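My questions will all concern the structure given below.
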Ligand code: FA5
């Protein structure tokens, strides 16, 4: 039979060539000649198999597979042999060469901001809870006292998911605010409530320096007996000071939200103007009724802050779009940072994982680190700063520059 004869020839030629190959390149040539997908001799064998009478096909087909596998195996064995001998002939690893330093990633500035928000609110006794990003209209609107004909439900102002319906048959959308988590929390727990929820929200807003169509909010909710607006104002003031520093100026402006009464907008001073960073107010009695709370027994306040806006102010970023362009030249700036504030004989520090101080120094100077800190945890940061006794030693250690009148002043770390 012509095909079987051709198989025998194929296998003896292939084996001889494999034997003869002495380098990896030669072996690769052999593989291409015999098993190459395009023009390898195996293609001819395949044509022969296709041409044999039907009753002979099982025998010829089986033999074809055996032949091809045998050649493939021999090629692999020879490849292994040649690779190990070529490795052995390579020069030994040179221990004197400098090491390759690994590229270390860093936390995105928005993620860093979220961590610090959690930490600060944790200190105020607020538990962190989560909520879904895909919501139904009960949680995004109805229970928040936003009736069906309210303009906030307009399809032009929300990302509705056309193909989906909620269990109740109502529309489903990407949540436009984290206030949804207020409802979910109160539905599942009895007062008192003291929570924050941080996460993404979505709005078809036109992108500009302070608006994005996806951004993050921190929702806060406190429900108890005799809760007052003064407590809300105090909390937001303390929060802003803890995050942005004691010198920050914030103001409340009367406003309207369907789920709070009275309501305010919260602004922070940005250069010579004010930037809106959030909304807040006393929880509307209709919201309490919607979740089964008695508005005569409990009162509460709620707030929703734009996380990017705080992050922009904190890191002095002038355009929100930079956070989402994935430009490493921009993002790398936030990999490591440590701000040292020098005041008389004291150093007050802020690191990228924690704030070590909260006092207002009389005279402050900021130092930006050019090289990574050795440790990033709070304690390690405290410890490494504690070891630093003078400004010149800080400069030496972190390769940072210091300008201004404090240049050569002695300083000691002052734990608070
Ligand atoms: C709300 O979203 C309310 N849910 C806040 C609230 C919660 C009020 C609880 C009362 C009680 P507003 O639409 O104003 O409110 O958004 C809150 C903050 O999110 C704004 O102040 C702003 O800082 C930020 N923000 C709003 N839209 C954008 C956007 N497109 N891009 C970036 N940040 C935004």
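With at pLDDT below 95 and within 16 Å of the ligand (Cβ to nearest atom) as the only criterion, which of 153, 184 stands out?
Result: 153 is the single residue among 153, 184 that is at pLDDT below 95 and within 16 Å of the ligand (Cβ to nearest atom).
Restricting the search to the stretch 300-330, which residues are away from the ligand (no atom under 16 Å from the Cβ) and part of a helix (DSSP H, G or I)?
328, 329, 330, listed by residue number.
Exactly one condition in (1) over 25 Å from residue 151 (Cβ atoms); (2) in contact with a helix residue (DSSP H, G or I) (Cβ under 8 Å, 6 or more places away or on another chain) is not met by residue 249; state its number.
Going through the list (1) over 25 Å from residue 151 (Cβ atoms); (2) in contact with a helix residue (DSSP H, G or I) (Cβ under 8 Å, 6 or more places away or on another chain), residue 249 breaks only (2).
Right, another one. Among the residues of the stretch 238-273, which ones are near the ligand (Cβ under 10 Å from one of its atoms) and without any contact (Cβ under 8 Å) to a residue 12 or more places away in the chain?
Within the stretch 238-273, just 256 meets the criteria.
Filter the stretch 96-122 for residues that are over 30 Å from residue 158 (Cα atoms) and surrounded by 11 or more Cβ atoms within 10 Å (Cβ to Cβ); which is nearest to the chain's Cα centre (by Cα)?
Ranking the candidates gives 106 first.
Oh, and also: Determine whether the stretch 269-276 contains at least one residue that is surrounded by 18 or more Cβ atoms within 10 Å (Cβ to Cβ) and either outside any strand (DSSP E or B) or in the same structural domain as residue 228 (by TED's automatic domain parsing) (or both).
No, because not a single residue in the stretch 269-276 is surrounded by 18 or more Cβ atoms within 10 Å (Cβ to Cβ) and either outside any strand (DSSP E or B) or in the same structural domain as residue 228 (by TED's automatic domain parsing) (or both).
Just need a number here: residues in the stretch 187-225 that are touching a strand residue (DSSP E or B) at 6+ places or on another chain (Cβ under 7 Å), within 10 Å of the ligand (Cβ to nearest atom) and assigned to a strand (DSSP E or B).
Residues meeting the conditions: 10.
Then there's this: Residue 367: modelled with pLDDT under 75, more than 10 Å from the ligand (Cβ to nearest atom) and not in a loop (DSSP other than H, G, I, E, B), yes or no?
no
Quick check on the stretch 160-172. Is at least one of its residues part of a strand (DSSP E or B), more than 21 Å from residue 301 (Cα to Cα) and touching a residue at least 40 places away in the same chain (Cβ under 8 Å)?
No.
Now a separate question. Please go through the stretch 316-334 and give me each residue that is surrounded by fewer than 17 Cβ atoms within 10 Å (Cβ to Cβ) and touching a residue at least 40 places away in the same chain (Cβ under 8 Å), ordered by number.
318, 319, 321, 324, 332
Could you tell me whether residue 122 is free of Cβ contacts under 8 Å to residues at least 24 places away in the same chain and out of contact with any helix residue (DSSP H, G or I) (no Cβ under 9 Å at 6 or more places or on another chain)?
Against the criterion (free of Cβ contacts under 8 Å to residues at least 24 places away in the same chain and out of contact with any helix residue (DSSP H, G or I) (no Cβ under 9 Å at 6 or more places or on another chain)), residue 122 qualifies.
Check off (1) at pLDDT 90 or above; (2) under 18 Å from residue 241 (Cβ atoms); (3) part of a loop (DSSP other than H, G, I, E, B) for residue 297 and give me the number that stays unchecked.
(2)
Anything in the stretch 284-294 that is touching a residue at least 12 places away in the same chain (Cβ under 8 Å) and either in a loop (DSSP other than H, G, I, E, B) or within 8 Å of the ligand (Cβ to nearest atom) (or both)? List them, or say none.
Across the stretch 284-294, the qualifying residues are 284, 291, 292, 293.
The values are calculated or read from the model by the stated rules, or taken from the named source; none is laboratory data. Model, not experiment: these values are computed from the prediction. When we count neighbours, we look across all protein chains shown, and the Cβ atoms used for this are built from the backbone with ideal geometry, even at glycine.
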